[in-house]
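See structure below.
What follows draws every value from the coordinates through simple rules; no lab data is involved. All figures in this text were calculated on a predicted structure; none of them were measured in a lab. Quick reminder, even Gly has a Cβ in these numbers, built from the backbone with ideal geometry, and neighbours come from all protein chains shown.
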Amino acid sequence: MAQPTTTDALRQQALESLAAAADQSALDTWRAEWLGRSDGRITTMLRSVKDRPPEQRAEFGQAANRLKGELEAALAEREDVVNAREFARLSTEGAIDVTLPGRPQRRGRLHPVTQTMRDCVSAFADMGFRVVEGPEVEWSRYNFDLVRIPEDHPARDMWDTIWMESSRGEDDRQMLLRTHTSPNQIRVMERMQPPIRVIVPGKCYRQEATDATHEWM
């Protein structure tokens, strides 16, 4: 197809091509072809003003700028039409039927370990026991010495206990992640008078494989 050389011919070709653009992708392609900043046909036309004879430059430049303004206005109108059409399509195809019944929301459940712990706490509470919690990072004095686990006991081996680094305290005692909840029983007896009826549920930490018989409770 021969390339049009006059502004009238360019206008007609551009508007016919624009009228055929039915979606945003086609409009973007049209914009790049006709109004693109790098190699758009109108941009190229404006750059060629300097190549025209001096007596034609003013008239040619005015005509080119006028054509650019007309095409930009036509593009804006076409975008409004295409967007309105797309909105109408989405409103019809994606419409929500407000008369439909709502979808039921599934309620989550407690983890079996958590549920078991709560059941145990509830049972002991009914029998008059108090629930006591304590620190999970504990001194070795409470975790071992005061519950009669001497220093040569296998439970103190580094492969069973998770020790804290640089945690020396009074009497050169070291801190660790508690291996059982018995330390809290000692703390309770230090500050409470008998009779004492408590349970101490909580997490314990040991460097051992987890299986059906070894899990925190």
Expected 222 nm ellipticity per residue - DSSP helices of 4 or more, -39500 (n - 2.57), all of the chain, to 500: -15000 deg cm²/dmol
State the three equivalent ellipsoid semi-axes of the chain, derived from the C-alpha gyration tensor as the square roots of 5 times its eigenvalues, in descending order and whole Å. 86, 28, 14
The Cα radius of gyration of region 46-110, divided by 2.2 N^0.38 Å with N its residue count, comes to 2.52
Highest average packing first - 49-56, 128-135, Cβ atoms within 10 Å: 128-135, 49-56
Sorted from largest to smallest, which semi-axis lengths in Å does the alpha carbon gyration tensor of region 1-67 give for its equivalent ellipsoid, taking the root of 5 times each eigenvalue? 24, 13, 9
Rounded to whole Å, give me the distance from the Cα center of region 65-92 to that of region 34-50. 22
Applying a 10 Å radius around every beta-carbon, put 196-204, 114-122 in order of their mean neighbour count, most first. 196-204, 114-122
Given 10 Å bins starting at zero, what is the percent of C-alpha pairs of region 112-199 in each, up to the one with the largest pair distance? 15, 40, 30, 15, 0
Can you pull the one-decimal nm distance between simple spin-label points at E190 and D8, each 7 Å off the Cα toward Cβ? 10.3
Evaluate the charge dipole of the chain about its Cα centre and quote only its size in Debye, nearest 20, assuming +1 on the Cβ of each Lys and Arg and -1 on the Cβ of each Asp and Glu. 460
Once the dipole of region 122-161 is set up from charges on Cβ (+1 Lys and Arg, -1 Asp and Glu), the residue from the list F129, T161, I149 lying farthest towards its positive end is F129
Cβ-derived FRET efficiency at R0 30 Å, H111 paired with V147, nearest 0.05: 0.55
